[in-house]
């Protein structure tokens, strides 16, 4: 027994020496040692019987048809979703940031399925609704800063055979478009349109005819164009067109109410006063409705919009009444 105990360390030491001497030196580079390759091969060969053993179990065999059916169904669903997905198309190509915001709000209010492309920042709608959405945006005057028209259109379609009359017409049209864009920069004005009547001027001063201009503006809902803004529009148009005096510029709103003229007083024309009164009443009624609904629904759940139409027609009646006096 003692002899066996004494021989054990000798045997272990000799085994250690054999292992250290039998191990070949590592080759230069990243090439794996033969012992490591042997270990990887042994692990792979050991994994195959384990997988076969798992697959040969009765429970796995019974569940195999269900697993195959689920995988097949998943593949079919993925393929069907790809084939039936609705392609989207951009409707805001060339829009400025302000126009993109206006277009998004307009399409949302009209219940269009609009989304924002995260990579490009453009507005996209289903391809089936592309034409309808473009027509809808055009009816809303969007985009405001359209690329067509303006001074940039003077170089389009010009040739050596273009008559002087056509050049003058194109020039006047470009001036009209640029003035309309400038007027819409005023915060209360949603859309504007300018018409110029600029006759060809004679070389003789006494034969020159003054130019005339008419401007139609549409303010935002609940907003009015005050007299100061009307005056600024008049001077802006007058300063942009040669031989155009301020008294020859006419400004009207989208209802046909005259915003300029000799009947204007220091507080503005009757049309301006009526529009201002309507806007004040709309704001007052909207605030009253909010105060009535907020306690019941909550502040974030109430949005009130009041569209008030008032009849300012004035009528004058004369009535004669005779009283019978007893003698």
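The values are calculated or read from the model by the stated rules, or taken from the named source; none is laboratory data. Every value quoted in this text rests on a predicted model; they were computed, and no experiment measured them. Neighbour counts run over all protein chains shown; Cβ positions are idealised from the backbone, glycine included.
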Every residue from region 120-166 that is exposed (fewer than 14 other Cβ atoms within 10 Å of the Cβ), at pLDDT 65 or above and closer than 24 Å to residue 102 by Cα
120, 121, 127, 128, 131, 132, 135, 138, 139
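Do we find that residue 105 is touching a residue at least 12 places away in the same chain (Cβ under 8 Å), within 16 Å of the chain's Cα centre (by Cα) and not assigned by TED's automatic domain parsing to the domain that holds residue 191 in this structure? Give the derivation first.
On the way: touching a residue at least 12 places away in the same chain (Cβ under 8 Å): no; within 16 Å of the chain's Cα centre (by Cα): yes; not assigned by TED's automatic domain parsing to the domain that holds residue 191: yes.
No; evaluated as a whole, the condition is false for this residue.
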Residue check for residue 79: assigned by TED's automatic domain parsing to the domain that holds residue 113 and without any contact (Cβ under 8 Å) to a residue 60 or more places away in the chain:
no
Is it the case that some residue within region 261-277 is at pLDDT 85 or above, over 34 Å from the mean Cα position of the chain (by Cα) and more than 20 Å from residue 185 (Cβ to Cβ)?
no
Return a yes/no flag: does region 295-316 have any residue that is modelled with pLDDT under 75 and exposed (fewer than 11 other Cβ atoms within 10 Å of the Cβ).
yes
Within region 211-232, which residues are in a helix (DSSP H, G or I) and within 16 Å of residue 257 (Cα to Cα)?
227, 229, 230, 231
How do the helices (runs of 4 or more DSSP H) wholly within region 1-113 filter down when requiring 1 or more residues that are modelled with pLDDT of 75 or more: which remain?
34-55, 58-84, 97-109
